[in-house]
There are 2 protein chains.
Amino acid sequence: MLSLVTSNEHKYKEISTYLNSKNLEINWLQRKYEEIQADDNDTISLDSSKKLANKINAPFFLEDTGLYITNLAGFPGPYSSYVQSTIGNENILKMASGSKAYFKTVITLCWKKNFYQFSGTLNGKISSAISGNLGFGYDPIFIPDNSNKTMGEMTTVEKNKISHRFIALEKLYLFIVENRIKNNL
Amino acid sequence: MLSLVTSNEHKYKEISTYLNSKNLEINWLQRKYEEIQADDNDTISLDSSKKLANKINAPFFLEDTGLYITNLAGFPGPYSSYVQSTIGNENILKMASGSKAYFKTVITLCWKKNFYQFSGTLNGKISSAISGNLGFGYDPIFIPDNSNKTMGEMTTVEKNKISHRFIALEKLYLFIVENRIKNNL
């Protein structure tokens, strides 16, 4: 069976609910590992996967999401969780209200010692105020293109239609189906 | 001879000038290595040193400095260089003018496969405006305790008397002298 490696229960629940709905069961695997510093999540995720591949003898994947703000040279990018837990959304508004921004999710799949990456992006801008209490993290200050609501004002169903995380997950799912891996999971 | 591992020429010059004045010559060694993510510089520096110790067959040390802002839960801490090059000093002022803060330097010395850490801190606060064009990085927005000038308004001589970096360097130097390592360098 395919495993998702994460220490974040929220992440596991969201992702497993989605994949289960497509008839793909996944395991939850908690493993501690060190992430390197780099300018983008792709590099970090691939490095982490390679380290984990030495310890895990079954197919697994990692998921990582970052917010990249144009007027702040891509900040907070790969450090999105750290920045959320230190300076928080109010300070992001002080610095970057109105700036273009995008969310990017990177999934790295390790399958028989090979590594495959799938990404999903969502373009939008930083709002002028915190709005909405749905979602989590930067959702209440991010307005996707072609929307007049923040992600924090969207239901899960609305969000899943456009979100970076679900685009990346859909690519992972299609890869598994196309490569007939599914029967072996 | 003792080597300083860094890709930052400015850092090498500042540190070697100081140690040379104490009659301790050092080499400049440029090595690429990956830094892990962690909440403090001590952990990152020790991890990097252990990785480098597998590749370098001579005594070496690393130096790393971070700014920890109290009102921002220690941000930017270990990500100080990244944050300086993305959001910069003006945005730090928007978020944290008047907040307590401290600089911390960590030096890790690798000597015969043992690791020794030396740190230096400097307490102060974030200024209300950018001031001074001496120094670099966060110097123009940091006012040390018992001072009415930012570090950016201080000469090198003034700065060296109180700075976190020189406190840590002085500890490194004393350790080398006390342990009679100097004659073997």
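Since every read-out is calculated from the coordinates, none of them should be taken as a lab result. For clarity, every value in this text was computed on a predicted model and none was experimentally measured. Heads up, the Cβs are rebuilt from the backbone with ideal geometry, glycines too, and the neighbour counts pull from every protein chain shown.
Brief remarks follow.
- Residue tally, condition surrounded by fewer than 17 Cβ atoms within 10 Å (Cβ to Cβ) and either free of Cβ contacts under 8 Å to residues at least 40 places away in the same chain or not in a helix (DSSP H, G or I) (or both), over the stretch A:38-53: 4
- Just one of the listed residues (A:GLU14, A:GLU63, A:GLU90) is under 25 Å from B:PRO76 (Cβ atoms) and either in contact (Cβ under 8 Å) with a residue 40 or more places away in the chain or in contact with a His (Cβ under 9 Å, 6 or more places away or on another chain) (or both), namely A:GLU90.
- Applying the criterion of at least 1 residues that are away from chain A (no Cβ under 14 Å) and crowded, with 16+ Cβ neighbours inside 10 Å to the helices (runs of 4 or more DSSP H) found wholly in the stretch B:54-166 leaves B:156-162.
- Verdict on A:LYS100 being without any contact (Cβ under 8 Å) to a residue 60 or more places away in the chain and in contact with a Lys or Arg (Cβ under 8 Å, 6 or more places away or on another chain): yes
- Flag if A:TYR82 is free of Cβ contacts under 8 Å to residues at least 40 places away in the same chain and of a type in the set (Phe, Trp, Tyr): yes
- Filter result for B:ASP47 (more than 9 Å from chain A (Cβ to nearest Cβ) and not basic (Lys, Arg)): no
- Pairs where the first residue, in the stretch B:157-176, is among the small types (Gly, Ala, Ser) and the second is surrounded by fewer than 21 Cβ atoms within 10 Å (Cβ to Cβ), C-beta under 7 Å, 6+ apart: B:ALA168/B:PHE118; B:ALA168/B:SER119
- For A:ILE126: the one exception among (1) more than 20 Å from A:GLU35 (Cα to Cα); (2) within 14 Å of the chain's Cα centre (by Cα): (2)
- Filter result for B:GLU35 (away from chain A (no Cβ under 14 Å), surrounded by 17 or more Cβ atoms within 10 Å (Cβ to Cβ), within 16 Å of B:SER81 (Cβ to Cβ) and among the charged types (D, E, K, R)): no
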